[in-house]
Structure formats: C-alpha cells, structure tokens
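Down below is the structure, laid out as structure tokens.
The values are calculated or read from the model by the stated rules, or taken from the named source; none is laboratory data. Note that this is a predicted model, so its numbers are computed, not measured. Neighbour counts run over all protein chains shown; Cβ positions are idealised from the backbone, glycine included.
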Amino acid sequence: MDKIEEFKELLRTTKREGIDDLIEYMDKCGFYTAPCSGGYHLAIEGGLLEHSLNVYHISQKIAKALYGKISKELKDQLIICALLHDLGKMGQFEKPNYVPNVLKSGKASDTKPFKTNPDLLKVNHEIRSIVIASMFIDLTEEEQFAILYHNGMYGDLKYCISGNETQLYMIIHWADMWASRVIEKED
C-alpha cells in the first residue's frame, strides 16, 4: 500500500462522520504533495504526508510502551491528531502554505527551498489545522488541545501549555519531536 492510501485508510478506520469529505478536500488542496517545512525536516514534495505518517507510527509505539494495549478510543485519537496535527501546512483559501523560495538572483535556494506563502495572512498552522479539520469532522476538546499545542515549548503558544499538559498532547508532541528531530533530520 502506498503512503497516500495508508493515510486515507487510517483516517477512514476512525469512522468519523465527514472523514471522506475531509480526505477529498485534502486531495484538492495538495496535502499529499506539500512540503513539511521551508528548509528543515522534509522540505520536499510529499514531505507533509511522510511526516504525518511518521508521527502516527511513533505515537503508536509510545502509546503501546505506556499502556500496553491501546483502546479503540485512544487509537482513533492518535490517528486524528497525528495525521492532522500539521494539516494547516497544506495552506488554506486555495493558497498553498509553502511556495518555492526564489532568491533575488532568480535561483532557487538550496538551503531553504520553500518559504511561507506571502499571500496567506499570518495564522499559525496549528490553528489552521483545527479550523480546516473542524469544517468536516468533529474534534473532541482533547484532540483540539493536542493539535493546538503539539509544538509544545517550541511554538508560539508555549506559555499556555506549561502545567496544562494532557496524556494525548504529550504523546503527539513527543512523536512529532522524535519524527522531526531524529527520523527526518538531515545529516
């Protein structure tokens, strides 16, 4: 099974009302081909898809190590949060979040191949992720919390999370950190 089909199948296993409409929207908006970052981890075509799957697989390992058996509810929460935590990085309003980073010389940047689209207003991708997902599926309060704060002390919202961590948030945060800092780190 290829990565796109694995991604879609995982989302469908949650049986969330509206999930097929969300999947169709993600297809239309370029989620599966979008880069994950401008110049850090997986700044390549399809990087966002690869990163999201990495976070999912790591979140499963963390949950199994902590709980042994994973309940259906937790499994669904991990699928939703891991696969959709960076949904906003695909962009919004028919505008991609990342565009090619062309230098003044006219050449593409080798070190930072993409930049944030200047045609999009400055809204954190975590907020975009929740807004886009909520257009199609219902997110629980805990899922919204985990997606909103998944960058932990590394995001703009860091002062809100300190002392308010939840189990789901911590699993998603550490899976995201492990994926971006260990698995996807370029040498």
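Would the range 177-186 turn up any residue that is touching an Asp or Glu at 6+ places or on another chain (Cβ under 6 Å), assigned to a loop (DSSP other than H, G, I, E, B) and either closer than 21 Å to residue 38 by Cα or among the aromatic types (Phe, Trp, Tyr) (or both)?
Initial filter on the range 177-186 (touching an Asp or Glu at 6+ places or on another chain (Cβ under 6 Å)): none.
Looking through the range 177-186, none of the residues is touching an Asp or Glu at 6+ places or on another chain (Cβ under 6 Å), assigned to a loop (DSSP other than H, G, I, E, B) and either closer than 21 Å to residue 38 by Cα or among the aromatic types (Phe, Trp, Tyr) (or both).
Looking at 37, 59, which one is among the small types (Gly, Ala, Ser) and either more than 24 Å from residue 5 (Cβ to Cβ) or not in a helix (DSSP H, G or I) (or both)? Explain how you work it out, then say what you get.
Numbers: 59 fails: either more than 24 Å from residue 5 (Cβ to Cβ) or not in a helix (DSSP H, G or I) (or both).
Step by step, each of 37, 59 is checked, and only 37 is among the small types (Gly, Ala, Ser) and either more than 24 Å from residue 5 (Cβ to Cβ) or not in a helix (DSSP H, G or I) (or both).
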*Can you spot a residue in the range 78-86 that is surrounded by 18 or more Cβ atoms within 10 Å (Cβ to Cβ), over 15 Å from residue 30 (Cβ atoms) and either polar (S, T, N, Q) or touching an Asp or Glu at 6+ places or on another chain (Cβ under 6 Å) (or both)?*
yes
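Filter the range 6-22 for residues that are of a type in the set (Asp, Glu) and either crowded, with 17+ Cβ neighbours inside 10 Å or under 17 Å from the mean Cα position of the chain (by Cα) (or both) and give the result. It would help to see each step written out before you state the result.
From the range 6-22, those of a type in the set (Asp, Glu) are 6, 9, 17, 20-21; that's our starting set.
Scanning the range 6-22 gives 6, 9.
Determine whether residue 24 is outside any helix (DSSP H, G or I), closer than 21 Å to residue 89 by Cβ and without any contact (Cβ under 8 Å) to a residue 24 or more places away in the chain.
Working: outside any helix (DSSP H, G or I): no; closer than 21 Å to residue 89 by Cβ: yes; without any contact (Cβ under 8 Å) to a residue 24 or more places away in the chain: yes.
Judged against the criteria, residue 24 is not a match.
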*Condition test on residue 25, is it at pLDDT 95 or above and surrounded by fewer than 18 Cβ atoms within 10 Å (Cβ to Cβ)?*
yes
*Condition met for residue 98 (among the hydroxyl-bearing types (Ser, Thr, Tyr) and more than 18 Å from residue 52 (Cβ to Cβ))*: no
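Can you pull out every residue in the range 80-127 that is under 14 Å from residue 151 (Cα atoms) and not in a loop (DSSP other than H, G, I, E, B)? Please lay out each step first, then the result.
Of the range 80-127, the ones under 14 Å from residue 151 (Cα atoms) are 81-82, 84-89, 124-127.
Within the range 80-127, 81, 82, 84, 87, 88, 89, 125, 126, 127 qualify.
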*Can you pull out the residues in the range 99-130 that are at pLDDT 90 or above and of a type in the set (Ser, Thr, Tyr)?*
116, 129
